[in-house]
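Here's the structure we're looking at; comments come further down.
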Amino acid sequence: MNVCDNKGKPLNSRSFRPFKCAAQRRSGFTLIELLAVMAIISVLASLIVGVASLAKQKARIAKAEADIELIKNTLEDYKIDNGAYPDSLMDIVEELPESVGTEDTSDGAIGNPEDRVKDPWNRTYVYEVRNENSYTLYSEGPDPNISADNIPR
């Protein structure tokens, strides 16, 4: 066992291997250890950001799908009452449930009616009447330039 005096110097002078007493040992981390920890933290942070972004995108898609179902129900009610589908979604905006669209009504203020027919990406839902018995209704999704993103597909 290595013994040190009260100043931290080894008492065993016959030892071939120098040893460090507790007072002489350096504490802390090396630069390599700190860089390795920083690299691990940055990789974990990038994974978390990616997962959060994906979850947000899935939530927007689910919101758009739910809005489309509610708009379809309102369109069918309009057809029953009027004998035909409306020419524009603006014709049914007052009958839409409050949860449809991007309008924030949490403070009780009445917003722009056009916001009630916008998808989670703040674009108006695409609505076209084909004939008196059919219509097309969809959201362009996250990227309006990619038709595969349309909701519902």
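Just a few scattered comments:
- In the stretch 141-152, the residues that are surrounded by 15 or more Cβ atoms within 10 Å (Cβ to Cβ) and more than 18 Å from the chain's Cα centre (by Cα): Asn150
- Hey, Glu65 out of contact with any Lys or Arg (no Cβ under 6 Å at 6 or more places or on another chain) and either surrounded by 14 or more Cβ atoms within 10 Å (Cβ to Cβ) or at pLDDT 90 or above (or both) or not: yes
- Filter result (more than 17 Å from Lys72 (Cβ to Cβ), surrounded by 13 or more Cβ atoms within 10 Å (Cβ to Cβ) and of a type outside the set (Lys, Arg)) within the stretch 121-139: Trp121
- Among the candidates Asp91, Asp81, the residue that is surrounded by fewer than 11 Cβ atoms within 10 Å (Cβ to Cβ), modelled with pLDDT of 90 or more and farther than 20 Å from Ile61 by Cβ is uniquely Asp81.
- Within the stretch 94-153, the set of residues being of a type in the set (Ser, Thr, Tyr), touching a strand residue (DSSP E or B) at 6+ places or on another chain (Cβ under 6 Å) and at pLDDT below 80 comprises Thr102 only.
- Leading residue by the ranking (nearest to Asn122 (Cα to Cα)) among those in the stretch 52-94 that are among the hydroxyl-bearing types (Ser, Thr, Tyr) and over 18 Å from the mean Cα position of the chain (by Cα): Ser88
- Residue count for the stretch 110-140, restricted to those that are in a strand (DSSP E or B) and of a type in the set (Gly, Ala, Ser): 2
- Residues in the stretch 25-41 that are part of a helix (DSSP H, G or I) and surrounded by fewer than 10 Cβ atoms within 10 Å (Cβ to Cβ): Leu31, Ile32.
The values are calculated or read from the model by the stated rules, or taken from the named source; none is laboratory data. Because the structure is predicted, anything quoted here is derived from the model rather than measured. Please note: Cβ atoms are built from the backbone with ideal geometry, for glycine as well, and neighbour counts cover all protein chains shown.
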